[in-house]
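This report refers to the structure that appears directly beneath it.
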Amino acid sequence: MRHKLKIIKIYFYQSLMQVLEYKQNFIIWICVDALWTIFDGILASVLLLNIHNIGNWDLPRMLIALGVFRLLVIPVWGWIAPSFAEIPKMINNGKLDQFLAKPIDTQFLVSVQKFSFNYGSSLVGGIIFMTIGFRSLPFILWPNIILGIWISLVSLVLIYGVYFLTMTFSLNGQRSENLQNLFSEIFYSVGRYPRDIYVPILQRVFVSFLPIALMVTVPAQVLFGEFEPLIIVWFHILAIFFFIISRMAWKNGLKRYSSASS
Amino acid sequence: MRKFWEFYRINLTERFTSQTESIIWFLTETVPILAMTSLWKTLEVSGQITHERAGELTLYYILSMFITRTVSTYFEEWMIDEIKDGHFSFNLLKPISIRFYLFAHQLASRTSGTIYTIPIFVLLAPLYLPTLLSTVSGYKLTVFGLMMIITFGQKFMTSWLISLASFWIDQASALNHLKWVCEGVFGGSWLPLTFFPVWWQNFSKFTPFYTWYYFPINYLTSKTVSHIELFWAFGSSIVWLILLIIFGEYFWKKSIKHYSAVGA
């Protein structure tokens, strides 16, 4: 474990050094993140000012959900996405072989190879959205906030599992450099709305088959007091299931993997 | 012209060979639309919007998906990479203009994009066809088709300008995000502009994005678009296209002079 932490630390510092070397890039991407954060705020406000409720969410609840989304964006696009984006490239140019030859778990190595530090605006935006949302609610329950933090961490495990599972398809040999966009695009467009808005067939897909509709909504619902014990249990089961299944898919994919250079 | 069609044919074959990538693009573009369509359907069931309004909004998103699939251009990401890593030099040595090649490439890409979308349009037909048939006419379809050709040109030139920016700035792909956000807030790709305040809608009319999604869809599906509005939209989109071509040409000349390849 200590060995793995050391490797994470090395990759982390390597990414940080790149940021410090190319400060202009860092500033540009901070601005891009700020742009998306503002865009999300505008979109949610405009939508809710016109239709008042989405499912049983009003504007304050939507802002809390948006806050959770923006805060989850930090580990998703700051850690998982940059690392996973390298996988199809590594498979195509044969660099994955170098990782396979190393005496450490390959899944671990491909998962921590890159970090991004551009998501300061998401952090600020997420906190602002949540503060505005909570101020408009009649009550704040501290146990819910603590549970909400825990559920957000479980959500992160679920996101990792589902995202990694999609990335394992890149081992099938066909060119698929855009595979990394699949999860992030669907997560962005589907994850922010309450799951009740989806018609039954889409609900089945986004709750059970590819549980993207739960990743943001479950932590958000816990935060504003809509506690559903069955969903919470189901959420934990899904997180463990997808983590295990993605690992199995990766290992099976590696057995079939033939390097680009071989 | 023969060269153009030969490039087109090769690129189209390539698109159908790399099916996984095409299917991924298809999913990334259709799932957000399905999510929004589902939202309007649910709001209709809960009585928050009328059946007619839900039909209009569903049609709006399906047409928006049609526009994305048929006229959106996506070459800037790999062009930026090619310029940054120096592979772009090969294009300069070829006896064919890079823009000529890119145009054929993008046309092939959009052809395959449209073909991949046909099944979903057939599947969703009961959701949009009744509303579409009640407003559409041959004349409107012709105008819509012309606007799509202009939109393709504008999108192509915007992608070209974003690609050229990488001759000057390292992170030109950041401009792509700016384009997506502008498409969303001024073009109506995420939400119809009628949801926004009137001053916002008026401002949008002065941007090129206005005629990418909102206006063509509104024109096709609404009975209230006047000839003056149509004239304004058509005129402004042509002016924007000309401006984008002029900027594209100007920056291309500047960029080539500025360019020094890796290893050179």
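The values are calculated or read from the model by the stated rules, or taken from the named source; none is laboratory data. As the structure is a prediction and not an experimental result, all values here were calculated from the model. Every residue, glycine among them, receives a Cβ derived from its backbone with ideal geometry; neighbour counts consider all protein chains shown. When the accessible area is computed, the model is the full protein with side chains, heavy atoms only, and any ligands, DNA or RNA have been set aside. Shrake-Rupley method; radii C 1.70, N 1.55, O 1.52, S 1.80 Å.
Observations on the structure shown:
- Elements of type helices (runs of 4 or more DSSP H) contained in the range A:1-79, each with 3 or more residues being within 14 Å of another protein chain (Cβ to nearest Cβ) and of a type in the set (D, E, K, R): A:23-51
- Test: B:Gly145 is out of contact with any helix residue (DSSP H, G or I) (no Cβ under 9 Å at 6 or more places or on another chain) and not in a loop (DSSP other than H, G, I, E, B): yes
- Flag for B:Trp240 being in contact with a Pro (Cβ under 7 Å, 6 or more places away or on another chain) and crowded, with 17+ Cβ neighbours inside 10 Å: yes
- Residue check, B:His177 away from chain A (no Cβ under 14 Å) and in a helix (DSSP H, G or I): no
- Evaluation of A:Ile87 against (1) surrounded by fewer than 18 Cβ atoms within 10 Å (Cβ to Cβ); (2) within 18 Å of A:Tyr160 (Cβ to Cβ); (3) of a type outside the set (S, T, N, Q); (4) modelled with pLDDT under 90 (one fails), failing number: (1)
- When the range B:208-222 is filtered for residues that are buried (at least 19 other Cβ atoms within 10 Å of the Cβ) and outside any helix (DSSP H, G or I), the ones remaining, listed by number, are B:Trp212, B:Tyr213.
- When the range B:17-31 is limited to residues that are open to solvent by less than 20 Å² (accessible area, probe 1.4 Å) and modelled with pLDDT of 80 or more, the one that is farthest from the other protein chains (Cβ to nearest Cβ) turns out to be B:Thr30.
- Every listed requirement among (1) farther than 18 Å from B:Phe196 by Cα; (2) open to solvent by 50 Å² or more (accessible area, probe 1.4 Å); (3) at pLDDT below 90 is met by A:Ile10 save one, (3).
- Given (1) touching a residue at least 40 places away in the same chain (Cβ under 8 Å); (2) more than 13 Å from every other protein chain (Cβ to nearest Cβ); (3) assigned to a helix (DSSP H, G or I), index of the condition B:Phe167 fails: (3)
- Each residue in the range B:193-207 was checked for being part of a loop (DSSP other than H, G, I, E, B) and either more than 10 Å from every other protein chain (Cβ to nearest Cβ) or under 17 Å from B:Tyr74 (Cβ atoms) (or both), and 3 pass.
- Selection within the range B:95-117 - without any contact (Cβ under 8 Å) to a residue 24 or more places away in the chain and either of a type outside the set (Val, Ile, Thr) or in contact with a Ser or Thr (Cβ under 7 Å, 6 or more places away or on another chain) (or both): B:Pro95, B:Ser97
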